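Participant: Sharing a structure with you now.
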Amino acid sequence: MAKLKCYFSLRSPYSWLAMKRLADNELGVESQLEYLPFIESSGEVNKRLEAKGGECLYRTMSKEKHLYILGDIKRQAREMGLILKWPVDVDADWSIPHQVFLVIEDAAIKQSFLMQCADERFLRGKNIFDWSICETLLTQWLDESAVARVIEDAKGEKGLSLMTESCYQAYRDGVFGVPFFIVKREKFWGNDRLERFISHSQTMDLI
């Protein structure tokens, strides 16, 4: 059976809310989901992305849109019984937690790390774009030597290559914001499209 794609960003509160709903509400598709990071590429990742003929399709939002999102997220989180502790982002390198996510090989640990990172950011206000914080989180599931290998891989060629490929696939899929769901050629953008995505995935032939 084909995978359902879910593009996300640990920077995005809408991604967090969508992933919480997918994990907690037993909507029946999480086992089929392929989670793919989507970030504003920069530095070496952006150079590699451009060399492959890709680009980041996200565009910086206006102040008015940003203020709207702050209120909208607070409202949606409250409706889900979640109390936000909004983080303050300073000199954020969003490639860090996403590259760690990408190099983790065990699927269960990969998913647990993703959800734990998102909760740390939006429920506890942690700046998760930090190698040491990612390393500490990993100790919940891996021993010291395994954690060291994951961090080394994430910092090195493996992490850069996987991050570049994820950004390139996002470009190929026309991803301009997150969460962004794909069922074959059908695309759904936003937390408020989650039910439509699930309904569509259950009625389409995914073979």
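Participant: Along the three principal axes, how long is region 138-191 when you take its alpha carbons, biggest first, rounded to the nearest angstrom?
Facilitator: 42, 24, 18
Participant: I've got another one for you. Extent of region 89-207 along each principal axis, from alpha carbon coordinates, in Å, largest to smallest?
Facilitator: 45, 30, 28
Participant: Longest segment of the chain with no trypsin sites (Lys or Arg not before Pro) in a DSSP loop having at most 15 other Cβ atoms within 10 Å? Walk me through the intermediate numbers first.
Facilitator: Working: sites that count: 3, 52, 59, 85, 124, 184, 185.
Value returned for the longest uninterrupted segment is 125-183.
Participant: Separate question: What's the carbon and sulfur percent of region 48-205's accessible surface, probe 1.4 angstrom, rounded to a whole number?
Facilitator: On the way: 4390 of 8830 Å².
Answer for region 48-205: carbon and sulfur cover 50 percent of the accessible area.
Participant: Would you look at the GNM of the chain, springs on alpha carbons closer than 10 Å, and say which of 83, 128, 104 moves the most?
Facilitator: Of the options given, 83 has the highest mean-square fluctuation.
Participant: From the phi of every residue in region 36-52, what ³J(HN,Hα) in whole Hz does the Karplus formula 6.51 cos²θ - 1.76 cosθ + 1.60 yield, where θ is phi - 60° and glycine or proline is x?
Facilitator: After applying 6.51 cos²θ - 1.76 cosθ + 1.60, I find 10, x, 10, 9, 6, 5, 8, x, 5, 4, 5, 4, 5, 4, 5, 5, 8 Hz.
Participant: At residue 3 and residue 192, where each label point lies 7 Å from the Cα along Cα→Cβ, what is the point-to-point distance in nanometres?
Facilitator: Modelled inter-label distance: 3.0 nm.
Participant: Okay, next question. What nm value, rounded to one decimal, do you get for the distance between residue 108 and residue 139 when each label is placed 7 Å out toward the C-beta?
Facilitator: That separation, rounded to one decimal, is 2.2 nm.
Participant: Regarding the chain, what's the average projected area of the Cα-atom convex hull, expressed in nm²? Display every interim value, and only then the final one.
Facilitator: Details: hull surface 46.6 nm².
Reported value for the Cα convex hull: 11.6 nm².
Participant: Please report, in whole Å, how far the alpha carbons of region 1-99 spread along each principal axis, starting with the longest.
Facilitator: 44, 42, 21
Participant: Further, regarding this structure: Would you please give the residues with an amide H less than 5 Å from that of residue 4, counting only those at least 5 places away or on a separate chain, with H modeled from the backbone geometry?
Facilitator: Here the answer is 33, 34, since their amide H atoms fall under 5 Å of that of residue 4.
Participant: Another one. Relative contact order for the chain: what is it in percent, counting Cα pairs under 8 Å that are at least 6 residues apart? Intermediate results must be reported in sequence, preceding the final value.
Facilitator: On the way: 262 pairs, mean separation 70.0, N = 207.
After rounding, I find 34 percent.
Participant: What list of ³J(HN,Hα) values in whole Hz, one per residue of region 67-81 in order, does the Karplus curve 6.51 cos²θ - 1.76 cosθ + 1.60 (θ = phi - 60°) give from phi, with Gly and Pro shown as x?
Facilitator: 5, 4, 4, 4, x, 5, 5, 4, 5, 5, 5, 4, 5, 8, x
Participant: While we're looking at this one, here's another question. Just to be sure I understand: with springs between alpha-carbon atoms less than 10 Å apart, which residue in 88, 150, 100 has the highest mean-square fluctuation in the Gaussian network model of the chain?
Facilitator: 88
Participant: Pulled fully out, how much extra length does the chain show between residue 116 and residue 79, if you take 0.36 nm times their separation in residues and subtract their Cα-Cα distance? Working shown, then result.
Facilitator: Working: separation 37, 0.36 × 37 = 13.32 nm, distance 2.07 nm.
Residue separation times 0.36 nm, minus the Cα-Cα distance, leaves 11.2 nm.
Participant: Note the count of lysine pairs whose C-alpha atoms are less than 26 angstrom apart in region 56-174, limited to pairs 8 or more residues apart or on different chains.
Facilitator: 15
The values are calculated or read from the model by the stated rules, or taken from the named source; none is laboratory data. Because the structure is predicted, anything quoted here is derived from the model rather than measured. In this analysis, Cβ positions are derived from the backbone assuming ideal geometry, glycine residues included, and neighbour counts consider all displayed protein chains. Ligands, DNA and RNA are excluded from the accessible area calculation, which covers all protein heavy atoms including side chains. Shrake-Rupley method; radii C 1.70, N 1.55, O 1.52, S 1.80 Å.
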